[in-house]
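The block underneath contains the structure these notes are about, expressed in structure tokens.
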Amino acid sequence: MAKKKLNIGLIGKGFMGRAHSLAWANAGRIYDTEFEPVLKYCCGTQLAAAQEFAERQGWEKATDDWRDVTGSSDIDVVDIVAPTYVHSEIAIAAAKAGKHVFCEKPAAVTYAQAKAMAEAANEAGIVHYLNHNYRRVPAVAYAKQLIDEGRIGDIYHWRGAYLQDWVVDPDFPLTWHFKKEMAGGGPLFDLGSHSVDLARYLVGEIGAVTAVQKTFVSERPLPGEGAATFSSGGNASAEKGHVDIDDASFMIAEFENGALGSFDATRFANGRKNWNDFEIYGSKGSLRWNFESMNELYFFDATQPAVEQGFRRISVTSGEHPYAGSWWGPGHVLGYENAFFHAVYDFLRALSGDGKIAPNLNDGAACIKVLEAAIKSNAEKRRVEISEIG
Ligand code: SOE
């Protein structure tokens, strides 16, 4: 049967633009879907670079004005991969124009913005998705399955750490990632948002937090051309500018279900490249996962005879594991890009089905509420209830 064409407009490019383009172009080759995504329109701030990107990634045309995309009668889905500070304006315009929204994380730079996005999307009745991609790593989805089946019992502890090191060098330039009005926060927003999303997914809602934040390098050279996520570009200016975000944020959380959690988010952990790690301890067992070995889930089953107990390393690659069955076969490991395929697949299924997919922009707003509570806790040196934010 002929598939229904679904026209996609991508706003932003860079590293995330490549990951999304690859997924839109290829998810249908792995998964059966009712829709065939068409890479219709892409947007970048400089037209020549956007055109080059379009040609390489297979987009039909390019523009340097995102309103061309949200305003185009040809577009069904607006995919936002631009820096965080523009998410809200674009998502609201797209929702008002009746386009479905697929957006990179974190949702926005403030809770107020994230809430406005979620409200616009709910009101428009569109399908909306916020890409906290790690939920769709098969090992993480399998951890969720084990938790839902009660295999680790009641949860006592969450230990989340998301560590990177790409800005330890004080000469790494002041890209948008270091500006509060553009990024919302430092690792707290960029990395901590992922951990908070995973914790909300696997453990439950957070009720209160106590946090400390630190900025180790308060001035950085202004960026030259080519500076981007993970890359200094190599031609920074001699002039310096002020860093107004955290370089590290550590947080203790009290979950509504009684569990206690800790979250470390830093870009100053030398040697840790994309160390997205969690441990979950429950009454019947424990789980441990780390992105740098993303296909492995460690499971300790305390219901086994004591003499046989120990953490079991499960290779989450077999046909029975979430998402894995459509790929290569047991032991044939997946990579970073695969979770983006899974997100596109679930998004297309939501469009064919009841329109529901998580995390969505409501989850995005709930996540930012926790992050803002952490900022408030650090500023006021006290424990902050999430309900104080609003
Ligand atoms: C940069 O820190 C970054 O690209 C994050 O923005 C992503 O969310 C994470 O998946 C990888 O690192």
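Residue-normalised convex hull volume from the C-alpha trace of the chain: 144 Å³ per residue.
Based on alpha-carbon atoms, the Kirkwood radius and the radius of gyration of region 11-62 give Rg/Rh equal to 1.00.
Binned at 5 Å from 0, what are the whole-percent values of the Cα-Cα distance distribution for region 271-356, short to long? Over region 271-356, the share of Cα pairs per 5 Å bin runs 3, 12, 16, 18, 18, 15, 11, 5, 2, 0 percent.
So what is the relative contact order for the chain, in percent, with contacts set as C-alpha pairs under 8 Å and at least six apart? Provide the component values of the computation, followed by the final result.
Numbers: 894 pairs, mean separation 77.0, N = 390.
Result for the chain is 20 percent.
For region 106-187, the spread of Cα positions along the three principal axes, ordered from largest to smallest, is 47, 41, 23 Å.
The label point for Ser352 and the one for Val168, both projected 7 Å from the Cα toward the Cβ, are 4.6 nm apart. Just to be sure I follow the definition: excluding the sites themselves, where is the longest run in the chain that has none of the GluC sites (Glu not before Pro) in a DSSP loop with at most 16 other Cβ atoms within 10 Å? Looking at the chain, 61-148 is the longest stretch - no exposed GluC sites (Glu not before Pro) with at most 16 other Cβ atoms within 10 Å. Using the rule -39500 (n - 2.57) for each DSSP H run of four or more residues, divided by the residues of the chain, the 222 nm mean residue ellipticity is -9500 deg cm²/dmol.
Taken over the alpha carbons of region 237-390 as equal point scatterers, the Debye sum produces base-10 log I(q)/I(0) values at 0.15, 0.16, 0.17, 0.18 Å⁻¹ of -1.19, -1.28, -1.33, -1.36. Over all distinct Cα-Cα pairs of region 119-237, the Kirkwood formula returns a hydrodynamic radius of 17.4 Å. Surface composition of region 54-118: carbon plus sulfur atoms contribute 42% of the solvent-accessible area (1.4 Å probe, protein chains only, all chains present). Percent of Cα pairs in region 4-132 per distance bin of 5 Å, from zero to the largest separation: 2, 12, 23, 25, 21, 12, 5, 1.
The values are calculated or read from the model by the stated rules, or taken from the named source; none is laboratory data. Here the structure is a predicted model, which means the values were calculated and not measured. For neighbour counting, all protein chains shown are included, and Cβ atoms are generated from backbone atoms with ideal geometry for every residue, glycine included. Remember, those area values only see protein heavy atoms, side chains included, never the ligands or the DNA or RNA. Shrake-Rupley method; radii C 1.70, N 1.55, O 1.52, S 1.80 Å.
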